[in-house]
Structures are given as structure tokens and as C-alpha cells.
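The values are calculated or read from the model by the stated rules, or taken from the named source; none is laboratory data. This one's a predicted model, so the numbers in the text were calculated from it and none came from an experiment. Here Cβ is always computed from backbone atoms with ideal geometry, including for glycine, and neighbour counts include all displayed protein chains.
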Amino acid sequence: MADWRQALHLEPPQGWLNDPNGLCFFHGLYHVFFQYSPGSADGTSAKGWGHWQSPDLLHWTFTGEPLLPDTPWERNGAYSGCAVPCGEVLRLYYTGNVKHPGPYDYIHTGREANTLLAETPDGIHVGPKQRLMASTDYPADCSLHVRDPKVWREADRWYMLLGARSLQDAGRVLLYRSADGLAWELARVLEPAPAFGYMWECPDHFILDGRRWLSVSPQGLPHGETENQNQYQSGWFALNGDLETGTLSGFTEWDKGFDFYAPQTLQAPDGRLLLIGWMGMPDADYRNPTAALGWQHCLTLPREIEAGPDGLCQRPLRELDALADGQPLALTAGQTLALPLPFRLRMTADRDFTLTLAGGLRLERDTGAGRLTLRFDDEALGGGRTLRRAVCGEGPLTVDLVADRASLEFYCGGGTTVFSTRFYPADSTIPVAVQGADATVQPLRPMTFAIEE
Ligand code: FRU
């Protein structure tokens, strides 16, 4: 029988989830907030923040919806934002979305984007809200699309990034600085020339390997055969130079699969940089059949991000090793095994290979064409997802697959190319076959998800 409740991924008990928000480690716990519409599986009901916490990224407790859209500044949603530890509290910075009823285009008229602040001692109880900035405070050449604050502290300064769309329909980020995290002044507008998409959502900034990096989710990039194949993209730039004057390198997509958007990073207490994305895609034409069961979407696994010679690479979080259930199994080339979900599969292929899952999904390498392809041949299995491609070079290629009950994350080439996708197998034990290489499969135990509202 199908069981599409995930065993390794955070998903809402009911209703709709989109972006991860407020990722942090605070007072001994990891906190993962997220965009949450508990009242509808299609995301049309009121949107606030849901909250999970965990001591170890393996045992999770859902504690409800701490941030509700309950002031006039956020009448149409408590939108995305971040959490910054500050003494005994977490400061939650986020966007209050307001849409006025009327004949508006909601780009230049009819919308407000308020930068709001609330404090919480525990991620569960949230104090009074303050408005730090209103739409009239942003640069005059911005449209009304300004949102998703990412705030951090450096030395004795506070910084904030906001994603924005200019009046000329160019994606940009606004960098603000502050002495106290309350009163903000504009430091710069980062906008490549020529324009790179019409809107940038969910900016993030981190320092890795002594360099600064900027992650954004641009909308409006031209689609290519191996690039920007989804409706919208998410990716990173290196920031060459310092924050207030540096320039952006070329853009690299975080993920080449069907379902990845609006990621954020957090720093684990041991120094690792972890990335979590929404395993979904706004305005996509493919389906998630869990919606008919009352919930939709999940987050990706936390991924460990490292800087390599050619940029950033991603690996599944190492905590997953603790979920190993028994000995690894050998899956030799040409063989098919029936495997209960969840599991992890690893292989190294020197040449062309095909990995087939659940009869209707293939990851294929065509060395001649220099391509890696993820292809659904079964409409129901993919919920309408079809084909995604990535460029791959010659020589040995590693694949590290984390297969959950309704999602797959393929970390290829040492984590330089990742494909994330939802899938909806008819049974929670699936046939797995590989041609062209041998693989090793590690059965996994589920994580623990408790609900304490
Ligand atoms: C990205 C996004 C954000 C916004 C949020 C609303 O998916 O559109 O820009 O804050 O979702 O839920």
C-alpha cells in the first residue's frame, strides 16, 4: 500500500507548507519554522509560521503555529523571514504582507510589505510585534515586491538583506545596516547588469571558506535545456570583495530537480553550514496527490554545504548515519531488489548508467552527450513531472541517493549536482534496479516526529 507520510522529511501535520523560515540553533535546540497554512492543503487559507524543534536533527517536535497574521501589518500573511539569537530571546524578522482589495496590479499598487519584528524565548511563545520598515521606507525605484528579511550580526553591526523587484522589473537585494537591529539604514542595492530575472525572493548570506556567498531565488530567468528548467530558480553567487562594495560571481543553481525553492542556511553548533529548502515549486503544473489527503509539501533534508574548488557542494547531513537499519545490501548491475522506503543508495559509475526506481523513474548518465537526466515515464508516479537534465563531465561519478516514502534526493558528483523530486509510488516497497554500475543500499529507520501543540 502507498504510504506518502515522509519518514525523514519535515512536513505539516495538515494543510500547506512552503518556505523554511527562521532556521537556527538556540539554547540547545535546532529550530525550523516554516510558511504554514494549516487551514488548507492548497495554501489559500491564512498564512503564518509553523515550528518544529529538535535536539539532534533526528527527533522532531512540532509545536504549532507561533506566528499568526494577527496585526493589520500582516493582514494577508506573516511571510518569510529569519531568526537571530539575541541574549535570552530569538528575534524573528519577517515580512507582513498586505493586499488591499480593489482593481490593483499588486506590483505597483495595492500592496504593502512591512518588515516586522517579534521576539520569542522558545520558538513557541511570541511577544508583541513592531513594524521596523514600511513600503514607503524602501528605495523609491523598488516596486511593492520587497520581502523576506535575512538578518545577521557581524562584529558590532547588524545587517539585513531584503529580496526585491525594481520598477524596471529587475531582481535585486537591498542591504541594510544597523547598530541595534531596530533602526535600519540602506547600505547598498545589489543588482546585476543586465537584469537577472524580474524578482529575487528569499535572500540568504553566509561565510564559508573565508568567502562571502549570497543565495537568492530569482524569478523570470530564461529557461534552457540544462539550466533554469523549473518555473523559478534558487542558487548562489560568490560575493567577491566586501559586503558593502563587492561584486557577484556567476549564478549556480542549488538543485536541478523538480522540487526545490527558497532555501535558507543555518550554522550548526559544530560549525557546519546546513541548507534546508522547500521541496516544492510555486506555480508548477505538476501535482502532489497528498493534497487530497489533507496536506501538501515538505522541506528538504538539511544538507551540509562545503566550498570546493568549483564552488559549493552539498551532502546529506551526517546525522542520517545514525538511522542505519541493519547491514548494507549489495545491488549488483543488472539486478532488481524490492526495497522498503526509506533507504540510502550509493554508487560510483565510471561510464553510462541507469538507475531505475519504482518502475517509472530513471536517473541516467549519457557520457557521450555529457548529460545526467532524471526522467519520469509514469505520469502517476511523478504527478505530472517529466524530465530534468544537468551537464556532467567524464570519469567516475558518485551518486548518493536518499529515498524517502514520497521524495528522492540524488546527490551526484560529490554533491556538485543535486536533483530533488517528489514521487508517489503505489507501494512503500519499491523495485530498484541499476545498469552499468554496482550499488550499495543502506535501509534506514524513520526519524521521530512528535506533535505537541
Ligand atoms: C517564496 C515566497 C516568499 C514569501 C513567501 C510567502 O516561496 O513567495 O517570497 O515570503 O513565499 O509564503
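Odds and ends about this structure:
- For region 98-112, the criterion of being touching a helix residue (DSSP H, G or I) at 6+ places or on another chain (Cβ under 6 Å) and within 15 Å of the ligand (Cβ to nearest atom) is met by at least one residue.
- Count of region 192-206 residues which are over 18 Å from N240 (Cα atoms) and within 16 Å of the ligand (Cβ to nearest atom): 6
- Screening D321 against (1) on the phi < 0 side of the Ramachandran plot; (2) touching a Leu at 6+ places or on another chain (Cβ under 9 Å) leaves a single unmet condition, (2).
- Unique match (being in the same structural domain as D105 (by TED's automatic domain parsing), within 13 Å of L243 (Cα to Cα) and more than 16 Å from the ligand (Cβ to nearest atom)) among V189, V173: V189
- Pairs with Cβ under 8 Å, 6+ apart, first in region 68-97 and at positive phi and in the same structural domain as D156 (by TED's automatic domain parsing), second modelled with pLDDT under 95 and outside any loop (DSSP other than H, G, I, E, B): none
- Restricting V84, V126, V89 to those that are under 21 Å from the mean Cα position of the chain (by Cα) and not hydroxyl-bearing (S, T, Y) reduces the list to V84.
- Count of residues meeting criterion [part of a loop (DSSP other than H, G, I, E, B) and more than 18 Å from R303 (Cβ to Cβ)] in region 4-40: 10
- Of the residues making up region 75-87, at least one is β-branched (V, I, T) and in contact with a Gly (Cβ under 9 Å, 6 or more places away or on another chain).
- Matching option when the condition is within 18 Å of F423 (Cα to Cα), of a type outside the set (S, T, Y) and free of Cβ contacts under 8 Å to residues at least 24 places away in the same chain, among G393, G383, G360: G360
- In summary, strands (runs of 3 or more DSSP E) completely within region 50-133 and bearing 1 or more residues that are basic (K, R) occur at 89-99, 111-120, 130-133.
- Checking each residue in region 91-105 for being farther than 18 Å from D204 by Cα and surrounded by 14 or more Cβ atoms within 10 Å (Cβ to Cβ) picks out G96, N97, V98, K99.
- Scan of region 432-453 for residues that are under 22 Å from R388 (Cβ atoms) and surrounded by fewer than 21 Cβ atoms within 10 Å (Cβ to Cβ), ordered by number: A433, Q435, G436
- Residue in region 118-135 that is modelled with pLDDT of 95 or more, closer than 22 Å to N18 by Cα and within 16 Å of the ligand (Cβ to nearest atom) present: yes
- Conditions (1) part of a loop (DSSP other than H, G, I, E, B); (2) closer than 23 Å to L381 by Cβ; number of the one not met by G43: (2)
- Among the conditions (1) over 30 Å from G224 (Cβ atoms); (2) touching a strand residue (DSSP E or B) at 6+ places or on another chain (Cβ under 9 Å), the only one that A322 does not satisfy is (2).
Yes or no, residue by residue, for (1) under 17 Å from the mean Cα position of the chain (by Cα); (2) of a type in the set (G, A, S):
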{"residue": "G250", "(1), (2)": "no, yes"}
{"residue": "D255", "(1), (2)": "yes, no"}
{"residue": "D259", "(1), (2)": "yes, no"}
{"residue": "W278", "(1), (2)": "yes, no"}
{"residue": "R287", "(1), (2)": "no, no"}
{"residue": "H297", "(1), (2)": "yes, no"}
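- The residue that is farthest from the ligand (Cβ to nearest atom), among those in region 31-47 that are of a type outside the set (A, V, I, L, M, F, W, C) and surrounded by 22 or more Cβ atoms within 10 Å (Cβ to Cβ), is H31.
- The criterion of being buried (at least 17 other Cβ atoms within 10 Å of the Cβ) and of a type in the set (A, V, I, L, M) does not hold for L329.
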